[in-house]
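Below is one structure, written out as structure tokens, with a few remarks after it.
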Amino acid sequence: MKLLFATNNTHKIAEAARILQTAAPDLVLVTLAEAGLDVDPPENEPTFEGNALSKARALFALTGLPTVADDSGIEVTTLGGRPGVHSKRFSPEATDEANNRLLVALLDGADDRSARYRCAVALVSADGELVTDGSCTGSITDSPRGAGGFGYDPHFLPDDAPGRTMAELTADEKHAISHRGRAFRALAERLRARS
Ligand code: ITT
């Protein structure tokens, strides 16, 4: 089955394609660019689930194609769950570098450096709507390490890979424990159960 992927984030596209290649080879992602669509899917909801659904619904309404969307981010305990759904635009500059700089500054002196990545995946098609989610717990380190992944990965120490940042893992090691790996594998599982 072909699924339109309602995202403009090239990292998400590469990661989800690789995760599904193993978890559900019959699901093939079609990007907005491949479909000739120059749109910015709406994400104004207060939750990851709400935003994933909002993005998938908008593109399904526009194209009639089964559409999947990913809304994700990082929740930091000491910051009361921030930046959460605002992870992409946490700092005024909204670059990975500036976002990470702000995160490290806000955690200066904090005893509790725990955080978790979260990802909600929504599928909207003529058969109805499905939402799955995944999370990955860990903590924030001051000094960035590693060149893999994207976003907050150089500062995120996953509990499931002790001593390494998410950016120091291979892509497949990241997907085995990541919020996105878990959410997309749960989607594949739900679709298998439905068929
Ligand atoms: P679309 O809405 O077009 O899908 P986006 O980049 O705007 O793309 P989000 O609103 O879901 O996506 O924000 C995701 C942000 O959360 C991303 O820019 C990173 O800052 C952070 N993030 C999500 N998953 C991550 C991961 O696996 N590793 C590191 N940071 C991640």
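Take E129 and decide whether it is of a type in the set (D, E, K, R), over 15 Å from the mean Cα position of the chain (by Cα) and in a helix (DSSP H, G or I). So E129 does not fit the description; no. Once the stretch 88-129 is narrowed to residues that are among the small types (G, A, S) and buried (at least 22 other Cβ atoms within 10 Å of the Cβ), the residue that is nearest to A58 (Cα to Cα) is A122.
Within the stretch 153-181, being touching a Cys at 6+ places or on another chain (Cβ under 7 Å) and part of a helix (DSSP H, G or I) holds for I177, H179, R180. When F150, F156 are screened for being under 17 Å from A14 (Cβ atoms) and among the aromatic types (F, W, Y), only F150 passes. Might you check whether a residue that is hydroxyl-bearing (S, T, Y) and either within 10 Å of the ligand (Cβ to nearest atom) or under 12 Å from the mean Cα position of the chain (by Cα) (or both) occurs anywhere in the stretch 95-103? For the stretch 95-103, residues hydroxyl-bearing (S, T, Y) and either within 10 Å of the ligand (Cβ to nearest atom) or under 12 Å from the mean Cα position of the chain (by Cα) (or both): present. Looking at the stretch 167-188, which of its residues are of a type in the set (A, V, I, L, M), within 23 Å of D112 (Cα to Cα) and in contact (Cβ under 8 Å) with a residue 40 or more places away in the chain? Listed by number, the list holds a single entry, I177. In the stretch 24-35, is there at least one residue being over 15 Å from the mean Cα position of the chain (by Cα) and within 11 Å of the ligand (Cβ to nearest atom)? Looking through the stretch 24-35, at least one residue is over 15 Å from the mean Cα position of the chain (by Cα) and within 11 Å of the ligand (Cβ to nearest atom).
Checking each residue in the stretch 1-21 for being more than 12 Å from the chain's Cα centre (by Cα) and free of Cβ contacts under 8 Å to residues at least 24 places away in the same chain picks out A17, Q21. Evaluation of F156 against the conditions (1) within 13 Å of the ligand (Cβ to nearest atom); (2) over 21 Å from A105 (Cα atoms); (3) buried (at least 18 other Cβ atoms within 10 Å of the Cβ) shows that the sole unmet condition is (2).
All of the numbers you see were taken from the coordinates with simple rules; none came from a lab. The model shown is predicted, which means the values in this text are computed figures rather than measured ones. Heads up, the Cβs are rebuilt from the backbone with ideal geometry, glycines too, and the neighbour counts pull from every protein chain shown.
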